[in-house]
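Structure first, then comments.
The values are calculated or read from the model by the stated rules, or taken from the named source; none is laboratory data. Not measured: the values here are computed from a predicted model. No Cβ is skipped: glycine too gets one built from the backbone with ideal geometry, and neighbour counts run over all protein chains shown. Note: areas computed on protein heavy atoms with side chains; ligands, DNA, RNA excluded. Shrake-Rupley method; radii C 1.70, N 1.55, O 1.52, S 1.80 Å.
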Amino acid sequence: MTDPARSPPVVAIVVPCFNEQEVLTETCRRLEALLSGLVLDGAAHADSRVWLVDDGSKDSTWALIQDVACRPGALFRGLKLSRNRGHQIALLAGLMTARGDVTISIDADLQDDLDVMPRMLAAFEAGHDIVYAVRSSRQTDTFFKRATATAYYRLLERLGVEIVFNHADYRLMSRRAIEALREYPESNVFLRGIVPQLGYPSTTVEFVRHERFAGESKYPLRKMLALAWQGVTSFSAAPLRAITALGVGVSVISLALGGWALWVRLFSPDAVPGWASIVIPLFLISGVQLLSLGIIGEYLAKIFLETKRRPLYFIERLTPPQPGVAEAQAPGAAAQPSAFDAP
Ligand code: UDP
Ligand code: MG
């Protein structure tokens, strides 16, 4: 437990929410109970808050957030992005805006087990800047999701991307880890890849992931594939290198075929070379070329987006409103410290 001589850390729990009206009330109820318990136990400072980030929801998510955040003595803070920017950017917006000695990010759907938070805080007290909550099993996943997730982690490992196995975005980060994260200016955000690169002392705690409490997954296959592709291309140049290797291999084969065709032409009585020997390499090479161009184009697109230095998000509203604090932040909000401090 915490050293009685030291004041406990101010904890900021960051929750990205996109169309979560079915679960939010229950999530808030449980988070409130958890946080009050942590404060009572002396594991968290009384200034600890839950930061709910509305990622441009179309349902009544923001109304619910305002409702809980405006209650007197509320433990909640609301943050409304000007539009839907996706889970990773919503989470980043919350992490950059929330104020605390430690930040814990968690999904809104109660799939992540809240009861491991005290263990995460204990690991922080023991000197770890980053605590990854990892799933001990994937029993609640469909076979398809389990198989693809495992294959994906293996692929990233092979490509040399540092990533924590079976860890999503349920993690604790110390204030200095958050400050380090602020230094990453990239537009292609894949937090699971960036955080291990910060390099501060880290550890993992295990938990069993539940079914979604209510509502549907906001991560359809399309978004999942986009995130997976982001993970590969933002952290690894291996596909580019693989193209080079492929190019070399195909060139060698083409050269051999060329030599063979020449040999037929010069020394064989069948002076007309076979149709196949022309057409097969032609197909092969154009296929490889198209693939190569596609992948190079993908990296080029990333460079294009990064060079634009576009702001990642705008904060439309902060709840409860603070006198003298502009609600909309200037472009580049992600790179700036928050204008909103916890009381
Ligand atoms: N989310 C978000 N913006 C999006 C999609 C999702 O903020 O565009 C949030 C969502 O509200 C949830 C978390 O990201 O808190 C994870 O989404 P979800 O639970 O739907 O993903 P899954 O667990 O199915 O992978
Ligand atoms: Mg979920």
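When the helices (runs of 4 or more DSSP H) confined to the range 65-174 are screened for residues that are within 16 Å of ligand 1 (Cβ to nearest atom), those reaching at least 2 such residues are found at 87-97, 143-158. Taken residue by residue, the range 253-271 has at least one member that is more than 14 Å from the chain's Cα centre (by Cα), charged (D, E, K, R) and away from ligand 2 (no atom under 16 Å from the Cβ). For the range 87-113, which residues satisfy the criterion of being within 16 Å of ligand 2 (Cβ to nearest atom) and open to solvent by 20 Å² or more (accessible area, probe 1.4 Å)? Passing the criteria: 87, 107, 111, 113. With respect to residue 150, is the statement that it is closer than 19 Å to residue 210 by Cβ and either surrounded by fewer than 17 Cβ atoms within 10 Å (Cβ to Cβ) or touching a helix residue (DSSP H, G or I) at 6+ places or on another chain (Cβ under 7 Å) (or both) true? Taking the combined requirement at face value, the residue does not satisfy it.
Residue 248 satisfies every condition listed in (1) assigned to a helix (DSSP H, G or I); (2) of a type in the set (A, V, I, L, M, F, W, C); (3) at pLDDT below 75; (4) loosely packed, with under 15 Cβ neighbours inside 10 Å except (3). Considering (1) farther than 16 Å from residue 315 by Cβ; (2) open to solvent by 10 Å² or more (accessible area, probe 1.4 Å); (3) in contact (Cβ under 8 Å) with a residue 60 or more places away in the chain; (4) more than 16 Å from ligand 2 (Cβ to nearest atom), the lone condition that residue 72 does not fulfil carries the number (3).
If you take the residues of the range 196-218 that are out of contact with any helix residue (DSSP H, G or I) (no Cβ under 7 Å at 6 or more places or on another chain) and within 11 Å of ligand 1 (Cβ to nearest atom), which of them is most open to solvent (accessible area, probe 1.4 Å)?
First pass over the range 196-218, keeping only residues out of contact with any helix residue (DSSP H, G or I) (no Cβ under 7 Å at 6 or more places or on another chain): 196-197, 199, 201-202, 204, 206, 208-212, 216-218.
In the following step, the residues that additionally are within 11 Å of ligand 1 (Cβ to nearest atom) were identified as 209-212, 216-218.
Numbers: 209: 26, 210: 83, 211: 116, 212: 49, 216: 142, 217: 76, 218: 45 Å².
Among residues in the range 196-218 that are out of contact with any helix residue (DSSP H, G or I) (no Cβ under 7 Å at 6 or more places or on another chain) and within 11 Å of ligand 1 (Cβ to nearest atom), the one most open to solvent (accessible area, probe 1.4 Å) is 216.
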